[in-house]
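Colleague: The structure follows.
The values are calculated or read from the model by the stated rules, or taken from the named source; none is laboratory data. Keep in mind that what you see is a predicted model, and the values were worked out from it rather than measured. Every residue, glycine as well, gets a Cβ built from its backbone with ideal geometry; the counts of neighbours run over all protein chains shown. When the accessible area is computed, the model is the full protein with side chains, heavy atoms only, and any ligands, DNA or RNA have been set aside. Shrake-Rupley method; radii C 1.70, N 1.55, O 1.52, S 1.80 Å.
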Amino acid sequence: MSGFFKSSIGRKVAMALSAFFLMFFLIIHLAVNLTSIFSEDLFNELSHFMGTNPAVQFAMQPVLLFGVVFHFVMGFVLELRNRKAIGVSYAKNNGAANSTWMSRNMIYSGLVILAFLVLHFIDFWIPEINVKYIQGDMSGMHDGEFRYFHELQHKFLSPARVGAYVIAFILLALHLLHGFTSAFQSMGSTAGRKKALQTFGKVYSIIIPLGFIIVAVYHHFNHH
Amino acid sequence: MSGKGMNLTLKIWRQKDAQSKGKMETYNVTDISEHMSFLEMMDVLNEQLIASGDEPVAFDHDCREGICGMCSLYINGEAHGPDRGITTCQLHMRMFNDGDTIYIEPWRAAAFPVIKDLVVDRTSFERIQQAGGYISVNTSGNTQDANALPISKHAADEAMDAATCIGCGACVATCKNSSAMLFVGAKVSQYALLPQGQVEAADRVKNMVAQMDLEGFGNCTNTGACEIECPKGISLENIARMNRELMKASIK
């Protein structure tokens with residue numbers, strides 16, 4: 001079995017498995033984010049639970065971090081190997097004749113998403129880790145009330161940050177438009193080539209990033 | 001036809017031998033009939049070069065009726081040129097217009113090194129086949145008739161579709177990753193779908209994939225370009241089947 005994951009097909013399968021995991025995570029993350037539009041209290045409760053529950057923090061979070069890092073590292077490894085496999089480039093190559101822009105540029109959409117993740121970690125994740133585990137304040141409170149919603153609104157005051165988030169999520173949509181069905185094909189499933197799942201993949205790939213965009217833009221224009 | 005044919009500018013990769021550094025050269029051909037095949041147009045160019053004492057352009061060809069898998073050529077950025085479901089020998093000059101500039105390059109892949117001009121070494125495909133693209137049958141004289149084994153029409157059709165791969169290498173040439181998975185997927189599938197292939201199924205897929213990786217072909221990223229450019233219409237389903245076969249073989 002260890003030989004399997006060293007083979008070209010094994011690496012594809014590993015990419016697909018981590019992709020499925022990350023695509024599932026996006027749904028959870030978006031669900032929590034969306035509550036911030038409808039209920040400040042619910043968003044605070046959920047954020048506090050996610051931020052302090054030991055199972056989430058010490059079991060799910062490390063798995064998620066591993067999934068993210070693995071997907072990126074494997075993506076780069078595969079890209080480098082593929083570049084080596086090409087050798088000399090064509091003087092004239094008409095890629096658009098037989099494949100989508102999204103499928104040919106996964107490395108670039110992936111790089112934009114990576115740059116976004118760095119920004120996102122600096123914005124939210126690193127400050128959270130600092131407050132909770134370095135300063136040791138697990139209360140989630142600031143000036144007598146939950147701090148999560150106010151921090152969220154504060155971050156999206158900056159038009160530059162909202163702009164960066166919107167661009168990153170458009171690239172995420174393009175990444176998913178190829179990645180969703182591609183993951184099924186890599187797993188050897190015929191489902192990715194069926195009309196119904198292709199349609200579902202398109203809907204998922206547009207709805208999920210659009211949801212994140214709506215949350216960022218909403219808080220930019222509705223801060224109090 | 002005289003005087004009514006097309007005048008074309010050709011940009012062709014010239015490389016003396018495997019060791020030399022090649023480059024694109026420009027040639028002009030005149031009065032090319034729209035009824036010619038692309039290879040006949042190449043023949044006209046070569047006659048012209050020979051007459052003027054120059055080295056003709058080396059390119060692979062054999063049957064010239066679309067079944068041997070010998071002809072190749074990356075024409076205007078596409079394997080076997082702009083038409084679909086054909087090899088270069090079946091590409092007609094009517095697909096081009098008078099005054100066109102046509103780029104003609106060899107298959108590009110580290111596993112397909114250039115031998116001369118437009119001729120590449122595709123023996124890596126043969127080594128993959130030798131690693132498991134066969135069934136072992138005792139030919140002692142009382143071999144069982146293959147037709148004695150019941151095979152569903154559906155499986156027989158799918159196996160036949162996979163077996164139509166002529167091993168031309170257009171899939172590799174087209175792939176942005178120089179992946180050979182459509183070729184290997186077809187060769188694995190044609191046996192995986194039939195009872196005769198079951199006995200050696202696990203070893204076959206493991207060995208063929210191992211040889212494919214060893215030859216330096218890239219990793220498939222499911223762009224689907226190979227399926228579009230394949231002259232025989234080999235389906236991506238064969239790659240999915242190969243992935244399943246390898247997973248099945250690896251957990252045994």
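Colleague: Considering only residues that are open to solvent by less than 60 Å² (accessible area, probe 1.4 Å) and more than 14 Å from chain A (Cβ to nearest Cβ), which ones fall in segment B:3-29?
Modeller: B:G5, B:M6, B:L8, B:D17, B:Y27, B:V29 - these are the residues of segment B:3-29 that are open to solvent by less than 60 Å² (accessible area, probe 1.4 Å) and more than 14 Å from chain A (Cβ to nearest Cβ).
Colleague: Go through segment A:87-109 and give me each residue that's in contact with a His (Cβ under 7 Å, 6 or more places away or on another chain), at the interface with chain B (Cβ under 7 Å from one of its Cβ atoms) and open to solvent by 30 Å² or more (accessible area, probe 1.4 Å).
Modeller: A:M106
Colleague: Moving on to the next point. So which residues in segment B:185-237 are under 16 Å from B:A249 (Cα atoms), aliphatic (A, V, I, L, M) and either assigned to a helix (DSSP H, G or I) or touching a Phe, Trp or Tyr at 6+ places or on another chain (Cβ under 6 Å) (or both)?
Modeller: Listed by number, the residues that qualify are B:V188, B:A192, B:A201, B:A202, B:V205, B:M208, B:V209, B:A210.
Colleague: Pairs needed: first member in segment A:69-95, under 13 Å from B:C175 (Cβ atoms); second member anywhere, in a helix (DSSP H, G or I) and open to solvent by less than 30 Å² (accessible area, probe 1.4 Å); C-beta distance under 8 Å; at least 6 residues apart or different chains.
Modeller: Matching pairs, first to second residue: A:G95/B:A225.
Colleague: Let me ask something additional. With the structure loaded, tell me whether B:E229 is more than 16 Å from A:A183 (Cα to Cα), in contact with a His (Cβ under 9 Å, 6 or more places away or on another chain), open to solvent by less than 40 Å² (accessible area, probe 1.4 Å) and touching a residue at least 60 places away in the same chain (Cβ under 8 Å) or whether it fails that test. It would help to see each step written out before you state the result.
Modeller: Numbers: more than 16 Å from A:A183 (Cα to Cα): yes; in contact with a His (Cβ under 9 Å, 6 or more places away or on another chain): yes; open to solvent by less than 40 Å² (accessible area, probe 1.4 Å): yes; touching a residue at least 60 places away in the same chain (Cβ under 8 Å): yes.
For B:E229, the condition - more than 16 Å from A:A183 (Cα to Cα), in contact with a His (Cβ under 9 Å, 6 or more places away or on another chain), open to solvent by less than 40 Å² (accessible area, probe 1.4 Å) and touching a residue at least 60 places away in the same chain (Cβ under 8 Å) - is met.
Condition check ((1) more than 14 Å from chain A (Cβ to nearest Cβ); (2) among the aliphatic types (A, V, I, L, M)) across all residues:
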{"site": "B:K153", "(1), (2)": "yes, no"}
{"site": "B:D161", "(1), (2)": "yes, no"}
{"site": "B:S178", "(1), (2)": "no, no"}
{"site": "B:G185", "(1), (2)": "no, no"}
{"site": "B:Q198", "(1), (2)": "yes, no"}
{"site": "B:K206", "(1), (2)": "no, no"}
{"site": "B:L214", "(1), (2)": "no, yes"}
{"site": "B:C220", "(1), (2)": "no, no"}
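Colleague: From the list A:H220, A:H224, exactly one residue is in contact with a helix residue (DSSP H, G or I) (Cβ under 9 Å, 6 or more places away or on another chain), assigned to a helix (DSSP H, G or I) and either within 14 Å of another protein chain (Cβ to nearest Cβ) or over 17 Å from A:F20 (Cα atoms) (or both). Which is it?
Modeller: Testing whether each residue is in contact with a helix residue (DSSP H, G or I) (Cβ under 9 Å, 6 or more places away or on another chain), assigned to a helix (DSSP H, G or I) and either within 14 Å of another protein chain (Cβ to nearest Cβ) or over 17 Å from A:F20 (Cα atoms) (or both) leaves just A:H220.
Colleague: What do you reckon, is B:P56 within 14 Å of chain A (Cβ to nearest Cβ), open to solvent by 10 Å² or more (accessible area, probe 1.4 Å), without any contact (Cβ under 8 Å) to a residue 24 or more places away in the chain and touching a helix residue (DSSP H, G or I) at 6+ places or on another chain (Cβ under 8 Å)?
Modeller: no
Colleague: All but one of (1) open to solvent by less than 20 Å² (accessible area, probe 1.4 Å); (2) more than 21 Å from B:Q15 (Cβ to Cβ); (3) not in a helix (DSSP H, G or I) hold for B:Y134, so report the exception by its number.
Modeller: (1)
Colleague: Just to verify a result, which residue in segment A:183-195, among those that are open to solvent by 80 Å² or more (accessible area, probe 1.4 Å) and part of a helix (DSSP H, G or I), is modelled with the lowest pLDDT?
Modeller: A:R193
Colleague: Name, by its number, the condition in (1) without any contact (Cβ under 8 Å) to a residue 12 or more places away in the chain; (2) among the hydrophobic types (A, V, I, L, M, F, W, C); (3) under 23 Å from A:L114 (Cα atoms) that does not hold for A:A173.
Modeller: (1)
Colleague: Now a separate question. For segment A:113-153, give me the residue count where each residue is in contact (Cβ under 8 Å) with a residue 60 or more places away in the chain and either among the acidic types (D, E) or in a helix (DSSP H, G or I) (or both).
Modeller: 7
Colleague: In this structure, does A:I126 turn out to be among the aliphatic types (A, V, I, L, M), within 30 Å of A:F49 (Cβ to Cβ) and open to solvent by 50 Å² or more (accessible area, probe 1.4 Å)? If you could, list the steps in order and put the result at the bottom.
Modeller: On the way: among the aliphatic types (A, V, I, L, M): yes; within 30 Å of A:F49 (Cβ to Cβ): yes; open to solvent by 50 Å² or more (accessible area, probe 1.4 Å): yes.
So A:I126 passes the test.
Colleague: So in segment B:89-116, with the set limited to residues that are within 20 Å of B:T30 (Cα to Cα), outside any loop (DSSP other than H, G, I, E, B) and not basic (K, R), which one is most open to solvent (accessible area, probe 1.4 Å)?
Modeller: Step one: of segment B:89-116, the residues within 20 Å of B:T30 (Cα to Cα) are B:89, B:91-104.
Subset that is outside any loop (DSSP other than H, G, I, E, B): B:89, B:92-95, B:101-104.
Narrowing further to those that are not basic (K, R): B:89, B:92-93, B:95, B:101-104.
On the way: B:C89: 15, B:H92: 63, B:M93: 0, B:M95: 83, B:T101: 61, B:I102: 0, B:Y103: 61, B:I104: 0 Å².
Here the residue is B:M95.
Colleague: To continue, here is another question. Looking at segment B:187-224, which of its residues are within 18 Å of the chain's Cα centre (by Cα) and farther than 20 Å from A:R11 by Cα?
Modeller: B:K187, B:S189, B:Q190
Colleague: Let me ask you something else. Which condition number does B:A148 fail, the rest of (1) more than 14 Å from the chain's Cα centre (by Cα); (2) modelled with pLDDT of 95 or more being met?
Modeller: (2)
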